[in-house]
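Student: Sharing a structure, written as structure tokens. Questions coming.
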Amino acid sequence: MKIIASNFKTNHTRKSTKQFIDEVNNHLLDNKIDNEVLIFPTATSLNEFNTVKNLSVGVQNAYNVQNGSFTGEIGTDQLDEFGVKTILIGHSERRHKLGESQKDIALKYNYYKALGYKIVYCIGEPLEVKELGLTETLGYIWEQFDGIDLDYDNLILAYEPVWAIGTGVVAKVEDIATIHKKIKKKIDKPLLYGGSVKPSNLEEILSIENVDGTLIGTSSWIVEDFKEMINITNKAGE
Ligand code: PEP
């Protein structure tokens, strides 16, 4: 069954997040949808959500620490308060806009792996690398696995070309197929595609071989659109 994930980035308030999650939860219940659904709200919107088993609320980021002096960060003491056990690591905005290095990312990955978190681990190349060709693109992606234990059971990968995130530019079907095939050949883990996915292109993207689901930003923030994409994901089957 295909997976669908929503990354809120810096959007929604505590109140609207709760409404969103309750509505998605009811939608899954009412329609008996069993697909795995992941929602990553802002840290300030964490709450005691009452969700069905296949709906997880995770964090977009947390520091690799239980608590301490790390101004602006949260650690597992704060996550435990809300029973959070799912984390997004390596998102391109954290790598490229916020300067997280592969070393930082690997430390974070190993910390949350040791605690058994479900990790959605993001990889993807910027445009200047893509333009150099497939070999360079794959070389860049493999480096994003430095220090990452790919045998970890609770791992989901997300291939998100940087140039397709939040830009409205979707990777071509052939490009997604090529990269996903290469990654899958090396790493046998669920592999999501992310980058300007929306209701009108989701069905086609899910039909590409080796695409096990999607990670969606912008077009997932309106609950009606997200519910529509959950339905499309559900229909896409195995
Ligand atoms: C993302 O944030 O992971 C993402 C894919 O964003 P968007 O759907 O807006 O491109």
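Student: Of the numbered conditions (1) in contact (Cβ under 8 Å) with a residue 12 or more places away in the chain; (2) more than 23 Å from Val197 (Cα to Cα); (3) outside any loop (DSSP other than H, G, I, E, B); (4) not aromatic (Phe, Trp, Tyr), Ile39 fails exactly one; give the number of that condition.
Tutor: All conditions pass for Ile39, except number (2).
Student: Can you name every residue in the range 159-217 that is part of a loop (DSSP other than H, G, I, E, B), within 16 Å of the ligand (Cβ to nearest atom) and touching a strand residue (DSSP E or B) at 6+ places or on another chain (Cβ under 6 Å)?
Tutor: Hits for the range 159-217 are Glu160, Pro190, Val197, Val211, Asp212, Gly217.
Student: Only one residue in Glu160, Glu100, Glu125 is free of Cβ contacts under 8 Å to residues at least 12 places away in the same chain, closer than 27 Å to Trp221 by Cα, among the acidic types (Asp, Glu) and crowded, with 16+ Cβ neighbours inside 10 Å, so which one is that?
Tutor: Values: Glu160 fails: free of Cβ contacts under 8 Å to residues at least 12 places away in the same chain; Glu125 fails: free of Cβ contacts under 8 Å to residues at least 12 places away in the same chain.
Being free of Cβ contacts under 8 Å to residues at least 12 places away in the same chain, closer than 27 Å to Trp221 by Cα, among the acidic types (Asp, Glu) and crowded, with 16+ Cβ neighbours inside 10 Å holds for just one of Glu160, Glu100, Glu125, which is Glu100.
Student: Given the residues Lys130, Lys85, Lys103, which is the only one that is away from the ligand (no atom under 16 Å from the Cβ) and over 18 Å from the mean Cα position of the chain (by Cα)? Show your work before the answer.
Tutor: On the way: Lys130 fails: away from the ligand (no atom under 16 Å from the Cβ); Lys85 fails: over 18 Å from the mean Cα position of the chain (by Cα).
Just a single option satisfies the conditions, and that option is Lys103.
Student: How about the range 48-65: which of its residues are in a loop (DSSP other than H, G, I, E, B) and either touching a strand residue (DSSP E or B) at 6+ places or on another chain (Cβ under 8 Å) or within 18 Å of Asn234 (Cα to Cα) (or both)? Give the steps one after another, and end with the answer.
Tutor: In the first step, residues of the range 48-65 are kept if they are in a loop (DSSP other than H, G, I, E, B); the result is 48-54, 58, 60-65.
Residues satisfying the conditions are Phe49, Thr51, Val52, Lys53, Asn54, Gly58, Gln60, Asn61, Ala62.
Student: Scanning for something outside any helix (DSSP H, G or I), touching a Lys or Arg at 6+ places or on another chain (Cβ under 6 Å), crowded, with 19+ Cβ neighbours inside 10 Å and modelled with pLDDT of 95 or more, does the range 4-23 turn up at least one residue? Even if it seems obvious, please write down each step before you answer.
Tutor: Within the range 4-23, the subset outside any helix (DSSP H, G or I) is 4-13.
Next cut, touching a Lys or Arg at 6+ places or on another chain (Cβ under 6 Å) only: none.
Taking every residue of the range 4-23 in turn, none turns out to be outside any helix (DSSP H, G or I), touching a Lys or Arg at 6+ places or on another chain (Cβ under 6 Å), crowded, with 19+ Cβ neighbours inside 10 Å and modelled with pLDDT of 95 or more.
Student: For Ile230, all conditions in the list (1) assigned to a loop (DSSP other than H, G, I, E, B); (2) touching a His at 6+ places or on another chain (Cβ under 8 Å); (3) touching a residue at least 60 places away in the same chain (Cβ under 8 Å) hold save one; what is the number of the exception?
Tutor: Against the list (1) assigned to a loop (DSSP other than H, G, I, E, B); (2) touching a His at 6+ places or on another chain (Cβ under 8 Å); (3) touching a residue at least 60 places away in the same chain (Cβ under 8 Å), Ile230 comes up short only on (1).
Student: Which of the residues belonging to the range 171-190 are in contact with a Phe, Trp or Tyr (Cβ under 9 Å, 6 or more places away or on another chain) and closer than 21 Å to His96 by Cβ? Show your work before the answer.
Tutor: In the first step, residues of the range 171-190 are kept if they are in contact with a Phe, Trp or Tyr (Cβ under 9 Å, 6 or more places away or on another chain); the result is 171, 176, 179-180, 183, 186-187, 189.
Within the range 171-190, Ala171, Ile176, Ile179, Ile183 qualify.
Student: Take Glu143 and tell me if it is away from the ligand (no atom under 13 Å from the Cβ), closer than 19 Å to Ser6 by Cα, surrounded by fewer than 20 Cβ atoms within 10 Å (Cβ to Cβ) and at pLDDT 95 or above.
Tutor: Numbers: away from the ligand (no atom under 13 Å from the Cβ): yes; closer than 19 Å to Ser6 by Cα: no; surrounded by fewer than 20 Cβ atoms within 10 Å (Cβ to Cβ): yes; at pLDDT 95 or above: yes.
No, not satisfied.
The values are calculated or read from the model by the stated rules, or taken from the named source; none is laboratory data. Remember, it's a predicted structure, so these values are computed and weren't measured experimentally. Because the Cβ atoms are built from the backbone with ideal geometry, glycine has one as well, and the counts that use them run over all protein chains shown.
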